[in-house]
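Quick notes on the structure that follows.
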Amino acid sequence: PAWGKGLGKDFFSWHLWRHLPQGNDVLWGDAAGTAACMQRMIQDWKWYGVDIVIIDVAMLPYFTARCDAAAECLERAKTPGDSKGLWLEIEVEIEPEKNTQLSGLYYSGSMYCSQMEAEGFRRFTYFLDRPDVMAKFTSVRLEADEKTCPILLSNGNRTDAGKLEGGRHFAVWSDPFAKPSYLFAVVAGDLASITDKFTTKSGRDVHLEIFAAKEDKDQLWHAMRSLQRSMKWDEDRFGLEYDLDIYNIVAVKDFNMGAMENKSLNVFNTSLTLAREDTATDDDYERIEGVIGHEYFHNWTGNRVTCRDWFQLTLKEGLTVYRDQEFSADMGSRARKRIEDVRILRAAQFPEDSSPMAHPIRPEKYAAIDNFYTATVYNKGAEVIRMYETLLGRDGFRKGMDLCFMEVLRPRGLAARSELEALWRKDSKDKKDREDDEHDKDANGRDLKQFENWYLQAGTPTLTAKDSWDAEKGTYTLTLKQKVPDTPGQTDKKPMHIPVKVGLLSPESGKEILGDTVLELTEESQTFELKPSEAPKEKPVPSLLRGFSAPVNLEYDYNDTSLSLLAGFDTDAFNRWEATQRLGTKAVLDALAAEDLESFRPDATFMDAMRNTLADRATEDLSLLAYSLILPAESTLMQIATPPIDPTKLHNARNHVRNVIAKELDAEIRERYAEVTPKDDEPYVVDGPSASKRRLRNVLLGYLSTSGDAAAAELCGKHFTTAKGMTDKLAAFSCLTGVPDSPEAKAAVEKFLADAKGDANVIDKWFASQARADVDDLLPRVRKLMEHPEFSLKNPNRLRSLVSVFLTTPQFHAPDGSGYDFALEMIPKVDALNPQVSARMANMAFRIWRRLDEKRQEMILERLGKLMEVVRPVVLVIFGCFRVIP
Ligand code: DPP
Ligand code: ZN
């Protein structure tokens with residue numbers, strides 16, 4: 001494959017020379033300068049992973065004068081009938097079976113498959129392995145033994161196939177679209193498949209096929225239906241239509257990521273593809289639909305319009321997460337989806353944003369791009385896109401997307417920058433860019449230059465709200481202040497452009513007296529005056545940051561009465577839930593501060609709110625009730641509590657509040673549990689309402705099991721044995737792992753594994769539940785499980801299900817440092833096999849260290865010092881950051 005042809009001046013001038021690390025001074029047309037730049041590239045070949053660069057023959061005289069490699073290239077040039085032609089043949093030998101990094105071409109169980117993002121292609125063959133180097137991959141010929149590899153796949157359309165001598169066969173694939181190497185894929189193996197079709201809005205029949213190991217074939221239909229829904233949704237919501245005749249998905253069991261959007265040949269982790277009622281939970285079903293959507297949506301946001309360089313990763317990932325979130329919201333319940341997404345953001349991204357790993361969604365440097373697929377780039381990136389939509393409205397947002405994708409970027413076939421250049425306003429690009437760009441257009445006529453700070457500055461801003469009320473004038477005054485915290489390498493930050501969606505409620509009746517209003521905070525401090533439709537005597541209760549309109553920490557001195565009013569009456573479902581979380585947070589933090597935890601009891605307002613939620617029979621989506629009954633996660637509380645924090649104490653405080661709820665509201669919990677328990681003859685159905693019902697029931701079971709006594713174990717045992725699907729079975733199993741010595745738990749451990757009948761995803765669940773069991777002797781149990789014949793360090797899913805899960809538990813922070821020793825032991829072992837997985841483990845384990853108490857900080861630093869001596873630089877990315885902040 002050669003690059004250069006058809007890419008033209010624009011490509012060279014912008015997307016290569018200008019952004020070479022040392023090449024910014026090279027101007028197009030200055031051949032000597034270009035040659036100098038090329039030479040630097042060749043000298044620096046390791047960085048690029050190539051040792052030969054193909055350039056226009058016209059350039060060669062300048063080039064050969066300076067570079068031996070180019071001279072050799074010229075020597076070998078074949079110019080049949082065309083003096084401008086150059087043919088380069090590279091032969092490489094690789095051993096996929098030995099590729100434990102799972103990057104490049106590797107072997108997994110029943111198939112050979114590839115993972116090229118971010119930099120796998122250079123482990124496959126020499127190439128300019130950068131996302132801005134786009135090439136047409138035509139005539140990709142695969143040849144293999146027909147028995148072991150009857151299926152041969154690559155991107156695009158199959159243009160030829162046939163039998164060869166000696167039991168071998170071949171297939172040739174051609175992809176008509178230019179693409180970066182990270183979207184290239186090959187798969188070869190003995191696979192089963194299901195097929196269906198989708199007809200696009202302009203009448204193109206697309207052949208859909210999903211492949212998996214033979215024994216998994218009956219678990220593929222949910223993925224197929226999800227794909228068809230995704231294709232339809234992208235047409236309806238964004239007008240984006242599929243552009244090829246084939247869409248293949250292959251499920252593979254050894255995979256570093258969740259899934260990969262290779263053009264027309266997605267490769268998916270089996271954990272995000274396979275689903276049957278007895279193998280997958282409701283959460284799994286929803287996640288699969290979301291990820292199938294995500295990878296499909298990449299076909300436009302990522303593939304047809306790709307990233308200029310890896311610094312722009314959030315352009316495709318943040319935007320595509322936003323799109324998959326919207327898809328899931330439209331397929332299920334919008335309020336529920338928003339709550340789930342914010343829960344994830346707070347539990348995974350906020351900790352990252354306050355850690356030594358904090359980075360802007362568009363980082364300015366990285367050591368290994370493979371380790372930059374972070375919650376910040378993905379989830380905060382999605383929040384940033386969502387803020388665009390809040391600021392521009394859905395129509396304005398769509399106008400910008402259309403302009404960007406249909407008129408500006410796609411016709412040029414260019415790679416884009418992360419502020420979606422030209423999408424929102426001319427000013428979002430620097431002047432030089434604009435002068436050169438005849439396509440420069442403006443969809444919305446809004447100046448969003450300041451909004452770019454979201455791309456430049458790391459850290460979760462704190463938004464402080466203060467208010468006053470003039471009953472006579474009926475004027476509500478709200479003062480908003482923002483502070484963006486210091487993060488490694490970044491201090492004294494500029495104010496962000498923050499959309500703050502608010503409403504007002506009457507303090508007497510709870511009635512909404514001011515509907516959704518978007519305030520735009522652009523300065524450090526700003527005061528807004530609002531006129532509600534009624535003027536109550538007392539100050540209205542503000543519903544702030546509705547729908548979580550910006551990824552910030554909101555500080556407002558809510559009293560308990562206001563919170564319970566919001567929990568009961570806010571028209572914004574997200575903020576109803578948020579109010580219960582604020583009450584829950586307060587309850588746990590009060591417990592944490594209590595001198596005598598055993599006798600601590602949360603405020604009555606909190607207990608009443610819980611009681612009201614249990615008694616709420618008006619809310620139709622039972623998931624909303626379920627989420628209101630769950631206390632904020634420990635990882636979220638770790639961000640809210642004031643350091644230094646003792647995680648063991650925090651865990652005990654949260655557990656204590658759970659116990660009090662379970663004891664005091666026992667009757668209410670039991671009543672509701674019985675109400676949502678299915679009748680004996682009720683079938684197990686996977687759909688939104690049924691899933692919500694199960695979600696509520698399983699949260700209630702959690703409360704009913706907190707006592708850990710014989711009666712609790714019996715109830716969980718019954719829940720387990722009567723379960724008709726994986727959701728209920730796993731919920732009961734998880735509760736039972738907390739009472740591991742009960743006869744019910746012992747029986748369940750055996751039964752769960754036997755029922756799995758070797759299904760890897762189910763066995764992963766079996767390991768994961770036990771790895772997060774709420775028991776004191778968790779670490780010895782985990783070590784014992786590592787000796788189980790089903791355990792393997794080489795399969796990322798299995799490794800994560802046991803080792804990585806343990807690293808997220810409170811027991812990992814055991815005061816004696818045994819958990820930290822375990823990490824010190826495991827990370828180098830994993831690193832030797834698969835540095836992407838080990839880097840993730842290290843990040844997950846240690847990123848919160850600065851919030852911990854002094855003793856734990858010391859213990860961690862000591863282990864980190866030892867780790868630095870043994871692990872390779874890829875893992876050290878994380879520890880490098882640790883050094884930045886003392
Ligand atoms: N495959 C991963 C994703 O879709 C990385 N592109 O997010
Ligand atoms: Zn993605």
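General observations
- Whole-Å distance, taken between Cα centres, linking the stretch 704-749 and the stretch 793-815: 22 Å
- Segment Asn559-Lys201, length gained on full extension (0.36 nm per residue, minus Cα span): 123.6 nm
- Simple spin-label estimate for Glu143 and Thr462 gives 6.7 nm between the two label positions (7 Å along the Cα-to-Cβ direction from each Cα).
- Taking amide hydrogens as placed 1.01 Å from N in the peptide plane, the amide H of Ala118 sits under 5 Å from that of no residue at least 5 positions away in sequence or on another chain.
- Pairwise FRET efficiency - Arg225 versus Ser707, Cβ, R0 = 45 Å, nearest 0.05: 0.60
- Estimated FRET transfer efficiency (Ser792, Lys365; beta-carbon r; R0 30 Å; 0.05): 0.30
- Extension reserve of the Ala633-Thr159 stretch, reckoned as 0.36 nm per residue once the Cα distance is removed: 165.4 nm
- 16 Å Cα-Cα reach of Lys201 towards lysines, excluding residues that sit fewer than 8 places from it in its own chain: Lys232
- Full extension of the segment from Asp616 to Glu472, taken as 0.36 nm per residue of separation minus the current Cα-Cα distance, would add 48.2 nm.
- Gap separating the Cα centres of the stretch 585-600 and the stretch 470-541, nearest whole Å: 31 Å
- Residues with amide H under 5 Å from that of Gly738, placed H, sequence gap 5 or more: Asp774
- For the stretch 525-560, backbone nitrogen atoms closer than 12 Å to the point 7 Å from Thr479 Cα along Cα-to-C-beta are found at 525-528.
- With neighbours defined as other Cβ atoms within 10 Å of a residue's Cβ, the residues His656, His359 order from fewest to most as His656, His359.
- Computed over the stretch 96-299, the percent of Cα pairs more than 22 Å apart is 47.
- Over the stretch 508-566, the alpha carbon radius of gyration divided by the compact-protein estimate 2.2 N^0.38 Å works out to 1.22.
- Exposure proxy shown here: for Met260, Met387, the number of other Cβ atoms within 10 Å sets the order, fewest to most, as Met387, Met260.
- Fraction of the pair-distance distribution of the stretch 220-314 above 20 Å, Cα-Cα pairs, percent: 37 percent
- Sorted ascending by nearby beta carbons within 10 Å, beginning with the fewest, Glu91, Glu675 become Glu91, Glu675.
- Spin-label pair Thr721/Arg394, simplified geometry with 7 Å Cα→Cβ offset, distance in nm: 5.0 nm
- When each of the peptides 305-317, 444-456, 677-689 is scored by how many other beta carbons lie within 10 Å of its residues on average, the order from highest to lowest is 305-317, 444-456, 677-689.
- Most to least packed among 716-727, 228-239, 268-279 [average Cβ atoms within 10 Å]: 268-279, 716-727, 228-239
- For the peptides 142-154, 730-742, residues were scored by their other Cβ atoms within 10 Å and the scores averaged per peptide; the highest-first order is 730-742, 142-154.
- Ordering Met387, Tyr322, Phe397 by Cα displacement along the dipole of the stretch 306-415 toward the positive end leaves Phe397 in first place; charges were set at the Cβ atoms of Lys, Arg (+1) and Asp, Glu (-1).
- For the stretch 312-383, the C-alpha radius of gyration divided by 2.2 N^0.38 Å, with N the number of residues, is 1.14.
Here, each number is a calculation from the coordinates, and none is a lab measurement. Predicted, not measured: the structure shown is a model, and the values here were computed from it. Every residue, glycine among them, receives a Cβ derived from its backbone with ideal geometry; neighbour counts consider all protein chains shown.
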